[in-house]
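Undergrad: Structure below; questions to follow.
The values are calculated or read from the model by the stated rules, or taken from the named source; none is laboratory data. Since we're looking at a predicted model, the values are computed, not measured. Every residue, glycine as well, gets a Cβ built from its backbone with ideal geometry; the counts of neighbours run over all protein chains shown. What goes into the accessible areas is simple: the full protein's heavy atoms, side chains included, and nothing from ligands, DNA or RNA. Shrake-Rupley method; radii C 1.70, N 1.55, O 1.52, S 1.80 Å.
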Amino acid sequence: MTNNLIDILQLSTEEIDALIATALDIIDKPGKYAEACRGKKLATLFFEPSTRTRLSFEAAMYELGGNVLGFSDSKSSSSSKGESVSDTVRAVSCYADIIAMRHPKEGAPLVATRKSSVPVINAGDGGHNHPTQTLADLLTIYREKGSFENLTIGLCGDLKFGRTVHSLISAMSRYKGVRFVLISPEELTVPRYIITDVLEAREIEYKEVRSLEDSIPELDILYMTRVQRERFFNEADYLRLKDTYILTPDKLNSAKSDLTIMHPLPRVNEISVAVDDDPRACYFKQVLNGKYMRMALILKLLEVEL
Ligand code: CP
């Protein structure tokens, strides 16, 4: 792969395995990595709000002994004066060794790679992709299931604008015996290009359904998502759709005892807090796994040898 991460498919399954091995080693021996990025700087350029992605990148770099600079609000950067993404990145790559960028425009991090002299990581571009959330998701699946094969994965909620869903389908479609149950309202189905270019092109078994309750019993993984208010043109449509699916403890009565319940977070209303105490709830484990996988990714992109 190039020394950027814009799309999860830039990483082969072997490279994913290697990142997971590094993350597990970091969990086991954090002291071994404490000086790995001494003298290196990560820039976090967040043109859109974030809690987990930005702070986990920053925590990752600090735990590797490096430093962090950046902005969390485009209004405090010169983009508010009309500066282009290309010029911003060209400037920032004079100061930093690696850049993590979130932007509301699909493709903005890819554009950034053309002007950056340092590696660029896509930290979420519009409703398109979110590859480092997928790295967090993959480590969570690996730690919970021990394998990526022979899993029935239910993806529920806003499958149209939910960028984490798009990246996860791409990543998981490469493993044997994976099938998808795509649970969404008619208006928020998975984009056609993912159906044709990923699922049908690879002959992956999938079905598109409306009912969460009917789907739960067959699932090994249930990946809930938030309806992405910020991507709607019409507030009335958001209000009509936002509570279509709410996971509650009673709906889990028919679920497998080893179901893995995931959510990229932030959650609004789609998982009741009463589910948090269920041992099958893994969404806060995903948050922590995200930091370890971002540490592993920074080491890889900076070609740090220990
Ligand atoms: N999962 C995720 O991207 O969360 P944030 O928006 O808080 O970064």
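Undergrad: Whether any residue in segment 21-38 is buried (at least 17 other Cβ atoms within 10 Å of the Cβ) and either touching a Pro at 6+ places or on another chain (Cβ under 8 Å) or among the polar types (S, T, N, Q) (or both) is what I want to check. Steps first, answer last, please.
TA: Of segment 21-38, the ones buried (at least 17 other Cβ atoms within 10 Å of the Cβ) are 22-23, 26, 33, 36-37.
Add one more test, that the residue is either touching a Pro at 6+ places or on another chain (Cβ under 8 Å) or among the polar types (S, T, N, Q) (or both), and what stays is 22.
There is at least one residue in segment 21-38 that is buried (at least 17 other Cβ atoms within 10 Å of the Cβ) and either touching a Pro at 6+ places or on another chain (Cβ under 8 Å) or among the polar types (S, T, N, Q) (or both).
Undergrad: Another one. So residue 65 fits all but one of (1) of a type outside the set (Val, Ile, Thr); (2) within 12 Å of residue 298 (Cβ to Cβ); (3) away from the ligand (no atom under 16 Å from the Cβ); (4) open to solvent by 20 Å² or more (accessible area, probe 1.4 Å); what number is the exception?
TA: (4)
Undergrad: Go through segment 152-178 and count every residue that is open to solvent by 10 Å² or more (accessible area, probe 1.4 Å) and within 28 Å of residue 242 (Cβ to Cβ).
TA: Residues that pass the stated criteria total 6.
Undergrad: Could you check, for segment 42-50, whether at least one of its residues is open to solvent by 50 Å² or more (accessible area, probe 1.4 Å) and within 16 Å of the ligand (Cβ to nearest atom)?
TA: Yes, there is a match, as at least one residue in segment 42-50 is open to solvent by 50 Å² or more (accessible area, probe 1.4 Å) and within 16 Å of the ligand (Cβ to nearest atom).
Undergrad: List every residue pair whose Cβ atoms lie under 7 Å apart, where the two residues are 6 or more positions apart in sequence or sit on different chains, the first residue falls within segment 274-295 and is closer than 23 Å to residue 98 by Cα, and the second residue, located anywhere, is part of a loop (DSSP other than H, G, I, E, B) and within 14 Å of the ligand (Cβ to nearest atom).
TA: Matching pairs, first to second residue: 287/265.
Undergrad: For segment 137-165, which residues satisfy the criterion of being part of a helix (DSSP H, G or I) and within 13 Å of the ligand (Cβ to nearest atom)?
TA: Step one: list which residues in segment 137-165 are part of a helix (DSSP H, G or I), which gives 137-145, 163-165.
Of everything in segment 137-165, those that are part of a helix (DSSP H, G or I) and within 13 Å of the ligand (Cβ to nearest atom) turn out to be 137, 140, 163, 164, 165.
Undergrad: Here is a further query. Can you work out which of the residues in segment 100-141 that are hydrophobic (A, V, I, L, M, F, W, C), farther than 15 Å from residue 74 by Cβ and in contact with a strand residue (DSSP E or B) (Cβ under 6 Å, 6 or more places away or on another chain) is surrounded by the most Cβ atoms within 10 Å (Cβ to Cβ)?
TA: 120
Undergrad: Follow-up question, since we're still on this one. With the condition being under 22 Å from residue 149 (Cα atoms), I'd like the helices (runs of 4 or more DSSP H) fully within segment 203-306 carrying at least 3 qualifying residues.
TA: 283-301
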